Every structure is written in C-alpha cells, then in structure tokens.
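See below for the structure under consideration.
The values are calculated or read from the model by the stated rules, or taken from the named source; none is laboratory data. What you see is a predicted model, and the numbers here were worked out from it, not measured in a lab. Here Cβ is always computed from backbone atoms with ideal geometry, including for glycine, and neighbour counts include all displayed protein chains. The protein model used for the area step is the full one, side chains on, heavy atoms only, and it has no ligands, DNA or RNA in it. Shrake-Rupley method; radii C 1.70, N 1.55, O 1.52, S 1.80 Å.
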Amino acid sequence: FLYGVCGLREFEAGKIVYQNQALLEFPFKKRAKIIGLLQQEQQYVFPSSVLEMVMAGRHPHCSRLLGETKQDQMMVMQILEQLELTALTHKNVTDLSGGEKQRVAIATLFAQQPSILLLDEPCNHLDIKHQVKILEQIKFLAKQHNKIIIMVQHDINLVAKYCEKVMLFFENANTLCGKSIELLTENNLSSLYEYPIKILNRGKERYFVV
C-alpha cells in the first residue's frame, strides 16, 4: 500500500487525491515535498557521510542555482542532534550498524519535511530507547505540524500507544479499519496473527501478550 501511494507500484483500481488533485499527477519535485517514504531496510551502496546523506533530504526545497542555504544546514544539524547522530556526522554510511542506518534514514526523511510520511517498519533495528524517542517525534509532527502519518508496524504495543486509527490486513484479504481502541481486541488480534493474544489492563494502559 505504501509503495502504491508514492507511485512505486500501481494500484489495480482507484487513485489517491491530495488537495483536489491526483497525487501522482504532481510534478516530481512538488511530489517530493508532499510525500516522503521510509523503506523497511536501508541499503547504502555508494559511500557518503551521514551529513551528506541527511542533507540530501533538503534537495526538493533547494534552488538549483543557490543549492543548500545556511538555514538548510542548521536544520540538518538540529535533526542530527535530535536523533543522537551528531557524533556520526562525518562517518561513512556504509560503515554504520543497522540501527544507525535506520536513524540516518529517518533523519533524511525529517529533513525532507514532507506533508505525508510513509513509514515501513520505522522501528526496524532500533533498541527500545530509540523506538520510543522516534515515535514520540513522529507523534509530535502529526499533532503539532499536521503531518499525515501512514505507518506499517507489527509491534502491537507500539501501535496501541501511538496510533489513533488502524487497518488490519487478514490472510483472507479481508480488512478492518477504524479506531485502534475499538479494533485492537483479543479476538481481532488472535485472528490476525493466527495465535492467541491476551490483553493486560493496567489502569489506563493496555498491554498485549502471547
């Protein structure tokens, strides 16, 4: 679904409309300001520094003549600090660990500043600390900057904590879509994962266990 929204795959039917226009009809540079995609796995083939990679996220906003501005540079450095990547600024991206590569990809997406963020397993390779910190920042973008976040996530507890609405895709091609508080039930999840899922209630918090 995510790859269809951004135009990497074709839908069998229908189209995505954004501001009364088919999303994929926007010119490429304009579309790059609207949509940003975080892929599930990060493959960095060509050598470049972390700073250069994250700065690439600013390209849709840069003038062809002037290139990157001081404001672009300041923004990127701030993002690197937020994601605890400052110490890796000049490190080659091909030498990074899986978790570091994931944070660099997320930093690049943040630098791009799209209106719609498409996230395919954003917590891949991240430890608990960075999972929570990054999802808190994504939540902030949605709440304070009116960003549209569409996320594929298999960790039920993270979904319950950070997602207001969910879509469940079942093996029989059926789907359920609605508020997470209503759809994340023992019956639905047990059917979805084809394995018994139990809910533990601790005050206002819910936890999902097997």
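Of note:
- Filter result (β-branched (Val, Ile, Thr) and touching a residue at least 60 places away in the same chain (Cβ under 8 Å)) within the range 96-148: Val104, Ile106, Ile116
- Residue check, Ala105 of a type in the set (A, V, I, L, M), farther than 21 Å from Val76 by Cβ and buried (at least 17 other Cβ atoms within 10 Å of the Cβ): no
- Any hit, the range 181-199, residues being touching a Lys or Arg at 6+ places or on another chain (Cβ under 9 Å), closer than 30 Å to Gln43 by Cβ and open to solvent by less than 30 Å² (accessible area, probe 1.4 Å): no
- Among the residues of the range 200-209, those identified as of a type outside the set (A, V, I, L, M, F, W, C) and either open to solvent by 70 Å² or more (accessible area, probe 1.4 Å) or part of a loop (DSSP other than H, G, I, E, B) (or both) are Asn201, Arg202, Gly203, Lys204, Glu205, Tyr207.
- Within the range 155-169, residues that are part of a loop (DSSP other than H, G, I, E, B) reach partners that are at pLDDT 95 or above and loosely packed, with under 13 Cβ neighbours inside 10 Å with beta carbons closer than 8 Å, at six or more positions or on different chains, in the pairs Glu164/Lys179.
- Among (1) within 18 Å of the chain's Cα centre (by Cα); (2) of a type in the set (Asp, Glu); (3) more than 23 Å from Glu121 (Cα to Cα), the one test that Glu100 misses: (3)
- Residue check for Ile79: surrounded by 15 or more Cβ atoms within 10 Å (Cβ to Cβ) and under 26 Å from Lys129 (Cβ atoms): yes
- In the range 32-50, the residues that are closer than 17 Å to Gln153 by Cβ and free of Cβ contacts under 8 Å to residues at least 40 places away in the same chain never reach a residue that is open to solvent by less than 30 Å² (accessible area, probe 1.4 Å) and not in a strand (DSSP E or B) with C-beta atoms less than 9 angstrom apart, at least six apart or across chains.
- Scanning the range 33-64 for residues that are modelled with pLDDT of 90 or more and open to solvent by less than 30 Å² (accessible area, probe 1.4 Å) turns up Ile34, Ile35, Gly36, Leu38, Ser48, Ser49, Val50, Val54, Met55, Gly57, Arg58, Pro60.
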